[in-house]
Amino acid sequence: MASGRILLKNDADVAGIREAAAVVERALAAAAELVHPGTPTLRLDQAAEAVIRDAGGRPAFKGYRMGGDTPPFPGSLCISVNDVVVHGFPSAYELREGDVVAVDCGVELGGYFGDFAYTFPVGEISAEAQDLLDTTRAALYEGIEQAGAGRRVGDIGYAIQSYCEGRGYGVVRDLVGHGVGKRLHEPPNVPNLGRRGVGKKLREGLTLCIEPMINGGTGDVTVDDDGWTVRTADGAPSAHYEHMVLVRRGGAEILSSYDLIESALATARGESLAAPAVPVASES
């Protein structure tokens, strides 16, 4: 996914990345307000794009090219429902009670990029689907705990893989996290599996997207004829959570936030804003 020289960030760079991440948060919160049965996924995309452009940003995914004969990505959001792992197109599909929908958003603002994702339950979902979401989200923080200076990329992947596979879930091997900041995709790649002590050494000032993509069944995936839409090979549901982190001595600092997203979810459900919409793992 990402090649070239690893880019370490100074304080000014980090400030720019934070601003881009804040726009992503607002865009995902606008989408969260619309996550209920009967909403076409295209409406989520339109709401998010309006927020991005009102902030003076550019939807980083819209028109993105993977190379070769694959057409440019058509949306501002990747909206991946049920067995779609990532890169789902916004469309006329209307969300249904019990769906799970992963929404990934990228923003370029002032020469810096923000990129992270959240998986939403649509109405009441099954206990099995909720456990998949909870496990994937908790695995994200397991990986983040390993992202301190002096650690290795393999430490992140090992933490995610062992957490999820130990609970019977499939880890997607064909897709990875990545560096981020001055480009949407920077080196190093950050797989969701690995061995401790193996891989690129993490240095202070590195900014990463850590993003477990976890399936309810096998970790194997297929790609639709559109060249983008990645699905679970066995039709099982998938979940995807992603945060942007800054590697520091003693641990990682999370640059992105789910606060506005979960406030929007709570408001839509008529819940107290003090309570998160889904169970959360420790973010310390």
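FYI, it's all coordinate maths here, none of it is from the lab. Predicted model, so just to flag it, every value in this text is computed and none were measured. Here the Cβ is made from the backbone with ideal geometry for all residues, glycine too, and neighbour counts use every protein chain on show.
What the table below lists for this structure:
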quantity: 16 Å tail of the calculated P(r), the stretch 1-46, as % of Cα pairs; calculated: 59 percent
quantity: Estimated FRET transfer efficiency (Glu253, Asp226; beta-carbon r; R0 30 Å; 0.05); calculated: 0.25
quantity: Virtual spin-label span in nm between Ser126 and Thr218, 7 Å along Cα→Cβ; calculated: 1.9 nm
quantity: Span-like helix ranges in the chain, DSSP H, alpha carbon extent 27 angstrom or more, Kyte mean at least -0.5; calculated: 11-32
quantity: Where N is the number of residues in the stretch 64-122, Cα Rg divided by 2.2 N^0.38 Å; calculated: 1.25
quantity: Share of pairwise Cα separations in the stretch 139-207, more than 16 Å, in percent; calculated: 43 percent
quantity: Taking only Cα atoms of the chain, radius of gyration then Dmax in Å; calculated: 17.3, 48
quantity: Selection of trypsin sites (Lys or Arg not before Pro), the stretch 18-79, meeting DSSP coil and at most 13 other Cβ within 10 Å; calculated: Arg65
quantity: Charge tally in the Cβ shell below 11 Å around Lys200, where Lys, Arg are +1 and Asp, Glu are -1, Lys200 excluded; calculated: +3
quantity: Full-stretch length increase - Ala149, Val198 - with 0.36 nm per residue and alpha-carbon distance subtracted; calculated: 16.2 nm
quantity: Charge tally in the Cβ shell below 10 Å around Tyr158, where Lys, Arg are +1 and Asp, Glu are -1, Tyr158 excluded; calculated: +1
quantity: Spin-label model distance (nm) - Glu33 vs Leu8, 7 Å beyond Cα toward Cβ; calculated: 4.2 nm
quantity: Cut-off 11 Å between beta-carbons: net charge of the residues surrounding Val103, Lys and Arg +1, Asp and Glu -1; calculated: -3
quantity: Translational diffusion of the stretch 119-164, µm² s⁻¹ [Kirkwood Rh, Cα pairs; Stokes-Einstein; 10 °C; 1.306 mPa s]; calculated: 137 µm²/s
quantity: Loop GluC sites (Glu not before Pro), the stretch 170-256 (other Cβ atoms within 10 Å of the site Cβ: 14 or fewer; DSSP); calculated: Glu204
quantity: Gained length - Ser162 relative to Arg18, 0.36 nm times residue gap less alpha-carbon distance; calculated: 48.8 nm
